[in-house]
1. At 0.36 nm per residue, and after removing the present C-alpha to C-alpha distance, how many nm does the segment from residue 109 to residue 58 gain when stretched out fully?
2. May I ask you to compute the full-extension gain from residue 102 to residue 149, defined as 0.36 nm times their residue separation minus their alpha-carbon distance, rounded to one decimal in nm?
């Protein structure tokens, strides 16, 4: 019974993260439409001072939404959100909030600090039982270690996928 509840919480959290991405996209389109449908608002803004609408999302929600988008566009979902078969890497839906054993024998809690360090320096945080080569290749291919905002976004998304209170 507890496993079923956990699966429902994980599914609900994944749905909320997907909903954030959709809500953000719809909001951006709506805001863009507002700017073009009200010429007087555009005429009142000076070219030197563009007017931006405040985001309806908090900074954390923006990071999670960006992370969700990157999970798809950077190809993370292929190894970390598999629908069938054995995952090539830890499954994001059951990763954050749990302890894992690293290749060097250390046991660590998968939280935001570990996620950020693992994405920035995956060679120092290899997880036992997984081949590190695909992750190292993906980090190099995407240039993630040189994209701090993207790194923070992915870490925020992965952490959001973990258990509540984790």
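What follows draws every value from the coordinates through simple rules; no lab data is involved. What you see is a predicted model, and the numbers here were worked out from it, not measured in a lab.
1. Values: separation 51, 0.36 × 51 = 18.36 nm, distance 2.58 nm.
Taking 0.36 nm per residue and subtracting the Cα distance, the gain is 15.8 nm.
2. Numbers: separation 47, 0.36 × 47 = 16.92 nm, distance 2.56 nm.
Extending this stretch completely gives an extra 14.4 nm.
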